[in-house]
Amino acid sequence: TPRDMGVPNVDAVFLEVPEKNQEVINQECLKIGLHTGMSENEVVEAVKDYFEENIPYTLKPGATPKNQDFINYFLTKNRKGYCAHFASAATLIFRTMGIPARYVEGYAFSLEAVLASDVKEEKQYSDYYDGYSDIGESAVMEVEVTDAMAHAWVEIYISGFGWKVVEV
């Protein structure tokens with residue numbers, strides 16, 4: 001059962017676990033050794049360690065068979081995958097442990113990729129962003145982003161802090 005985290009202003013959707021995944025996720029929590037007395041950090045570290053030691057990362061895990069749930073198949077049959085597999089499963093594990101979590105996809109690229117990019121002198125910052133930034137206005141740059149830079153990760157909600165990126 002999810003523990004009461006006393007999280008204000010976080011939609012209950014970030015604690016939902018689909019019924020079709022509940023049994024598999026509960027079994028995975030037992031395998032990992034998770035229990036309700038653990039802190040968010042302890043849960044996160046236990047999940048990271050368990051995945052690293054027990055489920056290989058591969059860019060070629062094979063397709064999920066038709067009519068099979070992506071997460072259930074990953075955790076019960078295939079037991080190998082890439083970022084989307086790990087992030088999807090971890091999101092539901094964290095939710096089961098009462099930690100609000102969301103699955104996120106995007107692109108991850110290095111500072112080196114930015115530094116190797118061209119500044120577009122003819123472009124204005126205000127043409128691309130209208131809002132507050134802690135770093136202030138910056139140069140407009142053109143960064144090459146490829147499909148190989150696609151990535152998936154988890155964000156968990158920490159009361160008093162906000163959303164925190166978690167790489168599993």
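The values are calculated or read from the model by the stated rules, or taken from the named source; none is laboratory data. Quick caveat: nothing in here was measured; it's all calculated off a predicted structure. Counting neighbours? That spans all protein chains shown, and the Cβs are built from the backbone with ideal geometry, glycine included. Just the protein is used for accessible areas: all its heavy atoms, side chains included, with ligands, DNA and RNA removed. Shrake-Rupley method; radii C 1.70, N 1.55, O 1.52, S 1.80 Å.
Worth a mention:
- For the cross-link pairs 80/120; 20/80; 60/120, the ones whose C-alpha atoms lie over 32 Å apart are 80/120; 60/120.
- Using alpha carbons only: equivalent-ellipsoid semi-axes of segment 32-81, gyration tensor based, whole Å: 25, 13, 7
- Ratio of Rg to Rh for segment 106-146: 0.97 [Cα atoms; Kirkwood radius as inverse mean 1/r over pairs].
- Exposed loop sites here mean GluC sites (Glu not before Pro) with a DSSP loop assignment and at most 14 other beta-carbon atoms within 10 Å; the chain contains its longest site-free run at 17-120.
- Per-residue 3J(HN,Hα) values for segment 108-120, derived from phi via the Karplus relation 6.51 cos²θ - 1.76 cosθ + 1.60 with θ = phi - 60°, read 10, 9, 7, 4, 4, 5, 5, 5, 7, 8, 8, 7, 9 Hz in sequence order (x marks Gly and Pro).
- Rounded to the nearest 5, the antiparallel percentage of DSSP beta bridges internal to the chain is 95%.
- Taking all protein chains as they are arranged and a probe of 1.4 Å, the heavy atoms of residue 30 leave approximately 120 Å² accessible to solvent.
- Shape category assigned to segment 69-108 from the gyration tensor of Cα positions, a/c cut at 1.5: oblate
- Straight-line cross-link partners of residue 164 among the lysines, defined as a Cα under 23 Å from its Cα and at least 8 positions apart when in the same chain: 48.
- Sparsely packed trypsin sites (Lys or Arg not before Pro) within segment 106-168, loop by DSSP, other Cβ within 10 Å at most 16: 120, 123
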